[in-house]
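One structure below.
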Amino acid sequence: MSTDNPQQDYFSHETAVIDPGCKIGKGTKIWHFSHIMTDCEIGEGCNFGQNVVVSPGVKLGNNVKVQNNVSIYTGVVCEDDVFLGPSMVFTNIVNPRSAVVRRNEYVTTMVRRGATIGANATVVCGIEIGQFAFIGAGAVVTKNVAPYALVVGNPARHAGWMSEYGHRLYFDTDGLAICPESKEQYRLDQGKVRKV
C-alpha cells in the first residue's frame, strides 16, 4: 500500500486496495474490498463502506460518507459533508459505447456541500447538485438540482425543500419555514431557499 501520506493517519481494511499517488486525509476509514485508485484526493474524516471504487483523479472533501457498493468515477467532485447512499450510481460519459474509447471526454459532476444522494439513485454526468440538496432513493437525476431542493422519481422532479438537518421544510405565507430539529429558519424567495 503506497500513498503520498508519509505516515498513514487513516484506516484501511486489509482487503482494501490503495493505489500509489493518493492523498487521504486524517481519520478517514476505508472498509472491505474497496479500491481507491491513483491520484485521488480524499479529505479528513471520510468513511467508505465495503465494495466502493474511487476512480483516478476523483476529489472528495472532508466528512464524505460513501455507503456500500458505490463507484465514484473520474470527473466527480464532492465537497464537504456529502452523503452517497448505498448502491447509488454516477456516470461520467454522456454517450458511452463499448467499442468507442472516450477517456478524454469525461464530464464533470459537482456535488456541493452537505448534499445527500439516496440509495440506488443515478446521477447523470455534467450536472451540479446544490448544497444541502436531497436526492430521494431511486431517483434518476438528469439536470441541475437547486440548493436545499428535494427531488424524487425518474426522471427526478422537484418535490419540496429540505433543511440542513434533512427535514422537509414547510413554508408559511410569508415564505418562512423552521427546521423541526435545529430550529433554524429558512426563507423561500423567487424559487430559491436560503438559511436566515
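Since every read-out is calculated from the coordinates, none of them should be taken as a lab result. Note that this is a predicted model, so its numbers are computed, not measured. All Cβ positions, glycine included, derive from the backbone under ideal geometry; neighbour counts span all protein chains shown.
When you go through A99, A16, A115 one by one, which is the residue that is small (G, A, S), over 22 Å from Q131 (Cα atoms) and either touching a residue at least 60 places away in the same chain (Cβ under 8 Å) or touching a strand residue (DSSP E or B) at 6+ places or on another chain (Cβ under 7 Å) (or both)?
A16
Within region 123-132, which residues are in contact with a Phe, Trp or Tyr (Cβ under 8 Å, 6 or more places away or on another chain), closer than 26 Å to N95 by Cβ and free of Cβ contacts under 8 Å to residues at least 40 places away in the same chain?
V123, G130
Being over 19 Å from K195 (Cβ atoms) and surrounded by fewer than 16 Cβ atoms within 10 Å (Cβ to Cβ): is that true of T173 here?
yes
Taking the stated definitions as given, is T109 farther than 27 Å from G57 by Cα and of a type in the set (V, I, T)?
no
Among (1) among the charged types (D, E, K, R); (2) in contact (Cβ under 8 Å) with a residue 24 or more places away in the chain; (3) under 24 Å from D19 (Cα atoms), which single condition is E41 missing?
(2)
Tell me which residues, restricted to region 107-118, are over 18 Å from Y165 (Cα atoms) and of a type in the set (A, V, I, L, M).
V107, M110
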